[in-house]
Amino acid sequence: MGLEKKSALLEDLIKQCGGCAVVDGGFATQLEIHGAAINDPLWSAVSLIKNPELIKRVHMEYLEAGADIVVTSSYQATIPGFVSRGLSTEESESLLQKSVELAVEARDKFWDKVSKITGHSYNRALVAASIGSYGAYLADGSEYSGNYGENVNLDKLKDFHRRRLQVLVEAGPDLLAFETIPNKLEAQACVELLEEENVEIPAWICFTSVDGEKAPSGESFEECLEPLNKSNNIYAVGINCAPPQFVESLISKFAKLTNKAIVVYPNSGEVWDGKAKQWLPSQCFGDDEFEMFATKWRDLGAKLIGGCCRTTPSTIKAISRDLKRR
């Protein structure tokens, strides 16, 4: 199935959802709720080693909550990261592949069950393979600063992402999700890599923002979106893991800068201190606020809406309930 047909799957899903599909929520958050210990450089990806069945359980919980797209547990899963834990390259690649397989298995099992129920309100979900930024691999908070240092250039970023991208594509997801991209350089690296590898799976690229105005690097989103707007591989662009208070203005900003679909999945509003490895107190959205604002975000132009860190299946249920009743 080529890029056009794969993109049509997503377009059809968005139409079936009434113009806006629901992305799932915080994966690591839900793992922790179930008792998983993920204070680790691999973060949520450590569960691919320790407890893959829990990963499938979390996917199922988001599907039950109404998610139309489930994102794999591969955000912080990288071959160098696994190798540093003593795994072989082959074992590392197998775990990456497993992240897609677990999501697909959960999706298929859930759909097999609900499709037999008359009058159900679910859609057959799509699986998006998560590809975290270089900063996520470094686990030093640099995905929230965009400061990778002078030695990190375009070729180095492409080399870092290349094999992981190849393995995830071979595993057969419906979509690719590049997440928490902090600067134009890495966005351009992702776009060029998709073209060089002749990838025929539609992708979205999400930046984050620490001020609600610019990328973490300080570059304008007009600059950052320039290479994305020229790419046929990029179906959607947007924001993830930024405070929900920023989302309304960022959707309006992106709507003026791109013709791509807009995807937003903010965190709860809590602020992550990447160096101290802890959440800082701040103004947060609860499920009621997410439910109230989801329709507004859709009406402003978002085609894909979900949650990121510190959101849960109850958050996604609230978003889904709001979007599907209007």
- line: Within region 10-36, the count of residues that are under 19 Å from the mean Cα position of the chain (by Cα), aliphatic (A, V, I, L, M) and at pLDDT below 95 comes to 1
message: Can you find a residue that is at pLDDT 95 or above, within 20 Å of the chain's Cα centre (by Cα) and farther than 23 Å from Ala65 by Cα anywhere in region 313-322?
response: no
query: Which one of these does His161 not meet: (1) outside any strand (DSSP E or B); (2) in contact with an Asp or Glu (Cβ under 8 Å, 6 or more places away or on another chain); (3) buried (at least 16 other Cβ atoms within 10 Å of the Cβ)?
result: (2)
- prompt: Residues of region 164-209 being open to solvent by less than 10 Å² (accessible area, probe 1.4 Å) and among the charged types (D, E, K, R), which ones?
  reply: Arg164, Glu186
message: If I filter region 9-18 for residues that are touching a Phe, Trp or Tyr at 6+ places or on another chain (Cβ under 8 Å) and assigned to a helix (DSSP H, G or I), do I get at least one hit?
response: yes
query: Since Asn39 meets every condition but one in (1) part of a helix (DSSP H, G or I); (2) surrounded by fewer than 17 Cβ atoms within 10 Å (Cβ to Cβ); (3) at pLDDT below 95, which condition does it not meet?
result: (1)
message: For a quick check of your reading: which helices (runs of 4 or more DSSP H) sit entirely within region 46-150 and have at least 3 residues that are touching a helix residue (DSSP H, G or I) at 6+ places or on another chain (Cβ under 9 Å), open to solvent by less than 30 Å² (accessible area, probe 1.4 Å) and among the small types (Gly, Ala, Ser)?
response: 89-114
statement: Of the residues in region 1-33, those that are surrounded by 13 or more Cβ atoms within 10 Å (Cβ to Cβ) and more than 18 Å from Ile262 (Cα to Cα) come to Leu3, Gly26, Phe27, Ala28, Thr29, Gln30, Leu31, Glu32, Ile33
statement: Exactly one of Cys309, Cys224 is modelled with pLDDT of 95 or more and open to solvent by less than 60 Å² (accessible area, probe 1.4 Å), and that one is Cys224
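The values are calculated or read from the model by the stated rules, or taken from the named source; none is laboratory data. Everything numeric in this text was worked out from a predicted model, so none of it was measured. Virtual Cβ from ideal backbone geometry, glycine too; neighbours counted across all protein chains shown. When the accessible area is computed, the model is the full protein with side chains, heavy atoms only, and any ligands, DNA or RNA have been set aside. Shrake-Rupley method; radii C 1.70, N 1.55, O 1.52, S 1.80 Å.
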